[in-house]
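What follows is a short report on a single structure.
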Amino acid sequence: MNTQGRKVLRRKSFIAMSAICTTGFGVFAVGVVGSIVVRGPDSDALGVVAVCLGVIAFIRRITGSRIVLGEKVLTVVNPVFTHDIPYRYVASVAADSGGNLIITTSQAVDIGAFGFAGSLVDHFVGSTDRTVAQIKAGLAERRDLRGDSRTLRRFTREWVADGCIVGMLVFFALAGAIGDWAPNA
C-alpha cells in the first residue's frame with residue numbers, strides 16, 4: 001500500500017449485521033407504513049415504525065465502528081465519538097488481556113476501538129490481533145507524515161443512523177399526536 005492510500009479496518013461480521021438488520025427492520029417499517037396508508041392513521045402502527053427506525057439507528061451506530069488508516073491520521077470511529085490521531089502521536093497499539101484493541105497516544109491517553117472489542121468469537125478467530133498487526137504495518141509506512149498538530153475528538157456522523165433517529169422522533173410525535181383522537185376500526 002502506498003502512503004497516499006486509505007485503508008478501512010472493520011469486522012466482517014459488522015458489515016453483515018448492519019446489512020441484515022437495516023434491510024429487515026427497514027422492510028418491516030415500510031410494510032407498516034403501507035398498512036397505515038391503506039387503513040388510515042393508527043398510533044400503534046406509528047409507534048412500531050418509530051421503534052423499527054430506533055433499532056436501525058442503534059445497530060448502524062454499533063456496526064459502523066471501524067479504524068481508518070488515513071493519509072495523515074489514524075481515525076478510530078466509535079459509536080458516539082471519533083478520534084483522529086496523527087501518526088506521530090501513536091505510542092502503541094495492542095490487544096489487552098480481554099481482546100480489546102487499545103491505542104495509546106504519546107500523551108498517555110488510551111483509546112479503545114469499539115469495533116474491535118474482545119469477544120468469545122474473536123478469541124478463536126483472532127481478528128483483533130490481525131488488526132493490530134495491520135495498524136502497526138500502516139504506522140511503519142506513515143510515521144513520519146506530518147498531520148494535524150493534535151489529537152481530535154468529535155461526534156461520529158452516521159448519516160443513516162442520524163436520519164433514522166430523526167424519523168423515529170417524527171413517528172413517535174405523530175403517534176402521540178393522533179393517539180387520543182384517531183378513530184378505532
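The values are calculated or read from the model by the stated rules, or taken from the named source; none is laboratory data. Every value quoted in this text rests on a predicted model; they were computed, and no experiment measured them. Cβ placement follows ideal geometry from the backbone for every residue including glycine, while neighbour counts extend to all protein chains displayed. Calculation scope for accessible area: heavy atoms of the full protein, side chains included, ligands and nucleic acids excluded. Shrake-Rupley method; radii C 1.70, N 1.55, O 1.52, S 1.80 Å.
Couple of notes before you dig in:
- Under the convention that each Lys and Arg Cβ holds +1 and each Asp and Glu Cβ holds -1, the size of the dipole of the stretch 26-166 around its Cα centre is about 400 debye.
- Shape category assigned to the stretch 1-66 from the gyration tensor of Cα positions, a/c cut at 1.5: prolate
- Gaussian network model of the chain, Cα within-10 Å springs - most flexible of GLY126, GLY115, GLY64: GLY126
- 0 to 90° range, to nearest 10: angle between helix 159-178 axis and the chain longest Cα axis: 20
- If R0 is taken as 25 Å, the Cβ-Cβ distance between VAL80 and ILE178 corresponds to a FRET efficiency of 0.15.
- Going through (i) 68, 38, 29; (ii) 47, 35, 29; (iii) 81, 38, 33, the figure that equals Cα extents along the principal axes in Å as computed for the structure here is (i).
- Average accessible area per residue (Å²) across the chain - probe 1.4 Å, nucleic acids and ligands excluded: 57
- Of all stretches in the chain that contain no trypsin sites (Lys or Arg not before Pro) in a DSSP loop with at most 12 other Cβ atoms within 10 Å, the longest one is 7-142.
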